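Here, each number is a calculation from the coordinates, and none is a lab measurement. It should be emphasised that the depicted structure is a prediction, and the values quoted were computed from it without experimental measurement. When we count neighbours, we look across all protein chains shown, and the Cβ atoms used for this are built from the backbone with ideal geometry, even at glycine.
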Amino acid sequence: MADVVVVPQVQPVQPALRFVRLIPGVLLLAGIGYAGKLLEQNVGKYAKAHQWLFPNIEYVLWAILLGLVISNTIGVPEIFRSGVATYEFWLKAGIVLLGARFLLGDILKLGGVSLVLVAIEITGAIAFMTFLGRAFHLKPKLTSLLAVGSAVCGVSAIIAAQGAIEADEEDSSFSIAAILALGALALFTFPLIGHALHLGDRAYGIWAGLAVDNTAEATAAGALYSDAAGKLAVLVKSTRNAMIGFVVLAYAIYWASQGQAKTVRNKAAFLWQKFPKFVLGFLLISVLATYQFFNKDQVGALANLSRWAFLLTFAGVGLRTNFRDMRKQGLRPFAVGAIGEVVIAVFTLGLVVGAEKLFGF
Amino acid sequence: MSSEDKAVQVKKPWRLSLDGWAVVIALLAALLVRAGVLNHIPW
């Protein structure tokens, strides 16, 4: 008689139902983002009418602040959570549409410079984070995750590396919490430092793209400075994102050689699987814009669509940042991350200032 | 014969990733703008 293997049946959630479940959270993102836009327009006017001294706060910061207040006071109710998590989708769609504002020549020129800077940043960041992890006696795989997160691209890189090097869930959540907390701090400190040092839009945008780890925070930190800085921060950050596959593959090979992870058989398939596809979408739209597939008004419309997508992203950045949850993760990984980030920020600032003098961008 | 030998390999259905969806929707929006269906996006 044949053995009977009982496989538990999990009822799949209908795609239509999954879509409906996203609606409340997406509406919340849109509501907070739009409230941020209204506050930018009206608070300044009101303060001026009443002769108050009030700084001009951009919609980016209002949207993040409103999200932060909700997340850290009443919290995000369950019904909104799956929709709020779509902020990553809006970010990536916004980056693809932003491609319309870049001509291919600009991408090749700036992308070439930023590729060199990104290569130096990744090498320096991995070396320094590995040294710090050892000095603080962190577990080796936790050190690897923190190094990947701070060198390449925050949360996505940590998740990609966790599977490839077979790290613990706990190490991964430590690293993600540290990178997110530091990203939230960078949002507020980078624009202040940029203004204090009188950095130009280009230098600041490249610096934010090189030094801020998570793509959403890098985009917001750039947009908080200026529109032009935001564009460049996205370009440089996307160049860093494109490196995920190579860095994670190198770590996977290292941990496999130590007998602590599976061997990667098909390296080309591994690289393709880890490659962020939105970078290809960004390049495709940019090629279409360069060859005048879109007229001037259409490029303007695409740029505005990209702004709306980013508006939802910024609301999501605030809503998913919960300081209580971050505190629970412990101090040591955070301390390693914080020291590493400060050193990387100073190092990349030096790189950008040096490159500006050399290449005159 | 152990039950491990009889383990059935279940192939996961192919699904578009989050990145893939973002690219598809953004390209679709760009085509709608190009076709004039979405001709004015205010900011």
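Take the Cβ atoms of A:PHE359 and A:ALA16, set R0 to 35 Å, and the FRET efficiency comes out at 0.10. Residues considered: A:ILE193, A:ILE57, A:ILE74. Largest GNM mean-square fluctuation over chain A, using C-alpha springs under 10 Å, is found at A:ILE74.
Here the residues A:TRP62, A:TRP90, A:TRP272, ranked from fewest to most Cβ neighbours within 10 Å of their Cβ, fall in the order A:TRP272, A:TRP62, A:TRP90. Measuring nothing but alpha carbons in the stretch A:80-216 and taking Rh as the Kirkwood radius, the Rg to Rh ratio lands at 0.99. For A:THR321, the amide hydrogen comes within under 5 Å of no other amide hydrogen, counting only partners 5 or more places away or on other chains and with H modelled in the peptide plane.
Each helix, a run of at least 4 DSSP H residues, gives -39500 (n - 2.57); summed and divided by the residues of chain A, these come to -26000 deg cm²/dmol at 222 nm.
Could you work out which residue, out of A:TYR87, A:TYR46, A:TYR59, moves most in a Gaussian network model of chain A, that is, has the largest mean-square fluctuation with Cα springs under 10 Å? Highest fluctuation among the options: A:TYR46. Here A:LYS37 is the anchor, and the lysines within straight C-alpha reach of less than 28 Å, apart from those fewer than 8 places off in the same chain, are A:LYS45, A:LYS48, A:LYS92, A:LYS231, A:LYS237, A:LYS296. Projecting the Cα positions of A:LEU210, A:GLN298, A:GLY337 onto the charge dipole of the protein assembly as shown (unit charges on Cβ atoms of Lys, Arg, Asp and Glu, taken about the Cα centre) puts A:GLN298 furthest along the positive direction. The order of B:ILE25, A:ILE344, going from fewest to most other C-beta atoms within 10 Å of their C-beta, is B:ILE25, A:ILE344.
Among the aspartates and glutamates, which have Cα under 16 Å from the Cα of A:LYS328 when same-chain residues fewer than 8 positions away are ignored? The qualifying aspartates and glutamates are A:GLU169, A:GLU170, A:ASP171. Placing unit charges on each Cβ (+1 for Lys and Arg, -1 for Asp and Glu) gives the protein assembly as shown a dipole about its Cα centre, and among A:ALA261, A:ALA127, A:GLY99 the Cα reaching farthest toward its positive end belongs to A:GLY99. GNM remark for chain A: springs join alpha carbons under 10 Å apart, and the peak mean-square fluctuation among A:ALA203, A:ALA63, A:ALA218 falls on A:ALA203. The orientation-averaged projected area of the convex hull spanned by the Cα atoms of the stretch A:190-254 comes to 4.4 nm².
Report the rotationally averaged projected area of the protein assembly as shown based on its alpha-carbon convex hull, in square nanometres.
Projected area, direction-averaged: 24.4 nm².
Per residue, the convex hull around the alpha carbon atoms of the stretch A:46-98 comes to 126 Å³.
Karplus-based coupling profile of the stretch A:116-126, in residue order and whole Hz: 5, 4, 5, 4, 5, 4, 5, 4, x, 5, 5, with θ = phi - 60° in 6.51 cos²θ - 1.76 cosθ + 1.60 and x standing for Gly or Pro. Here the 3J(HN,Hα) profile of the stretch A:339-344, calculated from phi with Karplus coefficients 6.51, -1.76 and 1.60 at θ = phi - 60°, is 4, x, 5, 5, 5, 5 Hz, Gly and Pro shown as x. Couplings 3J(HN,Hα) for the stretch A:192-209, derived from phi with the Karplus relation 6.51 cos²θ - 1.76 cosθ + 1.60 (θ = phi - 60°), are 5, 5, x, 5, 4, 8, 6, 6, x, 4, 5, 4, 5, x, 5, 4, 4, x Hz, where x marks Gly and Pro.
Name the shape class, rounded, prolate or oblate, that the alpha-carbon gyration tensor gives for the stretch A:77-158, where a ≥ b ≥ c are the square roots of its eigenvalues, rounded holds for a/c under 1.5, and otherwise prolate holds if a/b is larger than b/c and oblate otherwise.
Because a/c hits 1.5 or more and a/b fails to exceed b/c, the stretch A:77-158 counts as oblate.
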